[in-house]
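Undergrad: Pasting in a structure now, in structure tokens, and then I'll have a few things to ask.
Bear in mind that the values in this text are calculations on the coordinates, not laboratory data. As the structure is a prediction and not an experimental result, all values here were calculated from the model. A quick note on method: Cβ atoms are made from the backbone with ideal geometry, for glycine too, and the neighbour counts reach across all protein chains shown.
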Amino acid sequence: MSLKTLQDFPISALWKPAHPDRLQLYSFPSANGVKVSVALEELGVPYEAHLVTLEQAGSPAFRSLNPNGKIPAIIDPNGPGGEALALWESGAILIYLAEQYGGLFPKSAVLKYETVQWLMFQMGGIGPMFGQYGYFSKFAGKEVEDPRPREHFRNQGRRLMGVLEARLKDRQWIMGDDYTIADIAIFPWIRSAQIRYGAGEALGFEEAPYTMVWMERCIARPASIIGLNMPPRR
Ligand SMILES: N[C@@H](CCC(=O)N[C@@H](CS)C(=O)NCC(=O)O)C(=O)O
């Protein structure tokens, strides 16, 4: 059986690669999308970024790559064993990139699993809770008169901020001296909650000074400056 290549994925005929030898990123510069571009910039992996709007993400064409109809997704033509690998879910992509391209994980196996734990804290906690709070406070859900969903997600968001603040009180990065995929998963969500949802006050950012300083430290990294705007909005 022959190895899969980029051309075997129908998506490559729709979002055509100019550089088929490079990793293909299908994304939008949202909190989940920029995790991958920031990681690719940190690791120095050559990649080609295709802009997929959130509407396009739900289309049948895009669902041929990600049946869940969301960005980000990648196809790495140089995947394990030289075979093209398609992947979606930003947490899975971050783990893959760190392992395949050798970086953004601490050296010790124990600390590697601890990094994955904080990555999952974002994927299962901060992302969904902040996202739902944004929905009920700023987007379509703000018309809902019942205050309970808004209060519930705000309280959960504030609680998670407390957990993060305690972790960052005496650390430069989530994993101490090592800048990892845990930082890259979490900081775009704090940034989005502040600038996109205007939810800093509601989510207790004023009571989280260590988290705010850490976020600025993450944003100021050269890889973040590029990755946070990748792919550029049209
Ligand atoms: N758990 C997924 C979430 C991805 C996600 O929610 N992506 C949003 C953009 S940040 C999206 O594509 N939304 C389009 C839609 O829901 O229609 C991941 O981390 O990759």
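Undergrad: What order do you get for Phe62, Phe187, Phe139, Phe121 when you list them from fewest to most C-beta neighbours inside 10 Å? Walk me through the numbers on the way to the answer.
TA: Values: Phe62 24, Phe187 27, Phe139 11, Phe121 19.
In increasing order of surrounding Cβ atoms, one gets Phe139, Phe121, Phe62, Phe187.
Undergrad: Please list the equivalent ellipsoid semi-axes of segment 6-104, computed as the square roots of five times the alpha-carbon gyration tensor eigenvalues, in descending order and whole angstrom. Could you put the intermediate results ahead of the total?
TA: On the way: eigenvalues 74, 49, 27 Å².
Over the Cα atoms of segment 6-104, the ellipsoid semi-axes are 19, 16, 12 Å.
Undergrad: Pop the C-beta distance of Glu207 and Asn229 into the FRET formula with R0 = 22 Å and round what comes out to the nearest 0.05.
TA: Details: r = 30 Å, r/R0 = 1.35.
Using R0 = 22 Å, I get an efficiency of 0.15.
Undergrad: While we're on this one: List the residues, sorted by chain then number, that are 5 or more residues from His50 or on another chain and whose placed amide H is less than 5 Å from its amide H.
TA: Leu25, Tyr26, Ser27
Undergrad: Round to the nearest 0.05 the FRET efficiency obtained for Glu55 and Glu145 when R0 = 35 Å and r is the Cβ-Cβ distance. Numbers along the way, then the final one.
TA: Values: r = 28 Å, r/R0 = 0.80.
Here the calculated transfer efficiency is 0.80.
Undergrad: Over the C-alpha atoms of the chain, what are the Rg and the largest Cα-to-Cα span, Dmax, in Å?
TA: When restricted to Cα atoms, the chain yields Rg and Dmax of 18.1, 58 Å.
Undergrad: To continue, here is another question. Roughly what angle does helix 148-168 make with the longest principal axis of the chain, taking Cα atoms, 0 to 90 degrees, to the nearest 10?
TA: It works out to around 80 degrees.
Undergrad: Give me the percent relative contact order of the chain, please, defined on Cα pairs under 8 angstrom at least 6 residues apart. Let's see the in-between values first.
TA: Values: 343 pairs, mean separation 58.8, N = 234.
Reported relative contact order: 25 percent.
Undergrad: Same structure, new question: With unit charges on the beta carbon (Lys/Arg positive, Asp/Glu negative), name the residue among Ile75, Gly162, Pro60 whose Cα is farthest towards the positive pole of the charge dipole of the chain.
TA: Pro60
Undergrad: Could you work out the percent of alpha carbon pairs in segment 66-191 separated by over 18 Å, rounded to a whole number?
TA: Counting every Cα pair in segment 66-191, those more than 18 Å apart make up 60 percent.
Undergrad: Roughly how tilted is helix 181-195, in degrees to the nearest 10 and between 0 and 90, from the longest Cα axis of the chain?
TA: The two axes meet at around 60 degrees.
Undergrad: For helix 31-43, report the angle its Cα long axis makes with the longest principal axis of the Cα atoms of the chain; keep it between 0 and 90° and round to the nearest 10°.
TA: 60
Undergrad: For a Förster distance of 41 Å, can you work out the FRET efficiency between the beta-carbons of Asn155 and Lys16, rounded to the nearest 0.05? The partial results should precede the final answer.
TA: Details: r = 46 Å, r/R0 = 1.13.
Once the sixth-power term is evaluated, E becomes 0.30.
Undergrad: Given a cut-off of under 8 Å on Cα pairs at least six residues apart, what relative contact order in percent is computed for segment 6-104? Show your work: numbers first, answer last.
TA: On the way: 156 pairs, mean separation 30.9, N = 99.
With pairs under 8 Å counted, the relative contact order is 31 percent.
Undergrad: Would you mind counting up the charge near Lys4? Only other residues with Cβ under 13 Å from its Cβ, with Lys and Arg at +1 and Asp and Glu at -1. Write out the running numbers ahead of the final one.
TA: Values: positive: none; negative: Asp8, Asp76, Glu83.
Spelling it out: positives minus negatives among the neighbours equals -3.
Undergrad: Next question. Starting from the Cα of Leu85, move 7 Å in the Cα-to-Cβ direction to define the label point; list residues of segment 1-16 whose amide nitrogen is under 18 Å from there.
TA: Counting only backbone N, you get 3-9.
Undergrad: Please rank Ile181, Ile95, fewest neighbouring Cβ atoms within 10 Å first, as an exposure proxy. Spell out each step's value before the answer.
TA: Numbers: Ile181 31, Ile95 19.
Least to most surrounded, the residues fall as Ile95, Ile181.
Undergrad: Rounded to the nearest 20 Debye, what is the dipole magnitude of the chain about its Cα centre when Lys and Arg each give +1 and Asp and Glu each give -1 at the C-beta? Please list the in-between numbers first.
TA: Numbers: 24 positive and 24 negative charges, 69 e Å.
Dipole size: approximately 340 debye.
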